[in-house]
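Everything on this sheet refers to the single structure shown next.
Derivation of every value follows stated rules applied to the coordinates shown; laboratory data play no part. Computed from a predicted model, the values in this text were never measured in an experiment. Cβ coordinates were reconstructed from backbone atoms using ideal geometry, including for glycine residues, and neighbour counts include every protein chain displayed.
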Amino acid sequence: MSIQASFNPIQTDQGFEVTISGRVFDAYNQSVPNAVLSIQVINPQGTSDHVAIAYSTQTGQFQDTFLLRSNSPGGNYTTFLAADKPGYDTARLTLTFAFSSPDFLLETFSNSLSIQQGQSATLTLTVLSLRGYNQPVNLTAMSQPGINIQFNPTSVVPSATTIVSFSVAYDAQPGNHTITLLGVSGSLTHRVAIELNIIRGPIQTILSALILIGIIVAVIVLTRFFRRSRSQRRQREAVVEELIKQASGDSGYVATARAIARLEELRALGKVDEATYQKLKKEYEKRLEKSK
């Protein structure tokens, strides 16, 4: 008794549906019905992926189907078939077929981009199907502050393209930035790196110049203010010293009265501070009382 068989893989949503079909016949090429066939499939890692029993029909035909999921290991799969029937010798057949796991790949025409602050740009990202991969791929990005990235569409079924939009804020840090674009589908993740060069925009240059001018103006104004304050303070101190000198030189009633009048005048002109005014006024009033 002999076996003749072949494989027929068909892609599905879960992976590849592999059908083993064939015929059992004798030495005269006559079909052998009701033969019992044992089927075992060994994966590239040496473990059993599928075990089944099938029976030949009246015309000697048999068929068995099993699923290779998309995440199954790639490589050569070995199938062992054995057919038994009383009155016949056992027939054996070993077949191999190669399986590569379906996958996808991310590609861009250019991996570098230059954008000015406050501006935007786009590039086309291609999601390629490898070995018949046909599952949705979700797209996202590992961005950085001041850089906004959007995909249109955000999910595609390979092979397909999506438009990636980059928007750079006015305050984004100038220089080179590495942006990683990600494609995720089930347990599969692939990425592509984009070198983004952010160029300083004209508005930022103007703002920087205005800020610098503002700082310089503020320094000049503050310097003048402090100088004027020091000058005014020195003038007040000189006036107070003059009053104290006059008061100490002549403690008579008339001199004291004149000092009080001068003190009131200086207060009205803002040339003596309130604390000094109150202190001297009390002192002069005491002298007036004593000189009466």
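Counting Cα-Cα pairs of the stretch 103-200 in 5 Å increments starting at 0 gives whole-percent bin shares of 3, 14, 26, 23, 15, 11, 6, 3, 1. Projected label points at A261 and L212, each 7 Å from Cα along the beta carbon direction, are separated by 6.1 nanometres. Net length available on complete extension from S112 to N148 is 11.3 nm, with 0.36 nm assigned per residue and the Cα-Cα distance removed. Within the stretch 10-45, what residues put their amide N at less than 18 Å from the label point 7 Å along the Cα-to-Cβ vector of Y55? Zone members listed by number: 22-25, 31-39.
How high is the FRET efficiency from S21 to N76, r the C-beta distance, R0 30 Å, rounded to 0.05? Rounded to the nearest 0.05, the efficiency is 0.90. Computed from Cα atoms alone, the Kirkwood hydrodynamic radius reported for the stretch 2-99 is 13.9 Å. For E283 and Q11, the difference between the fully extended length at 0.36 nm per residue and the C-alpha to C-alpha distance is 87.0 nm.
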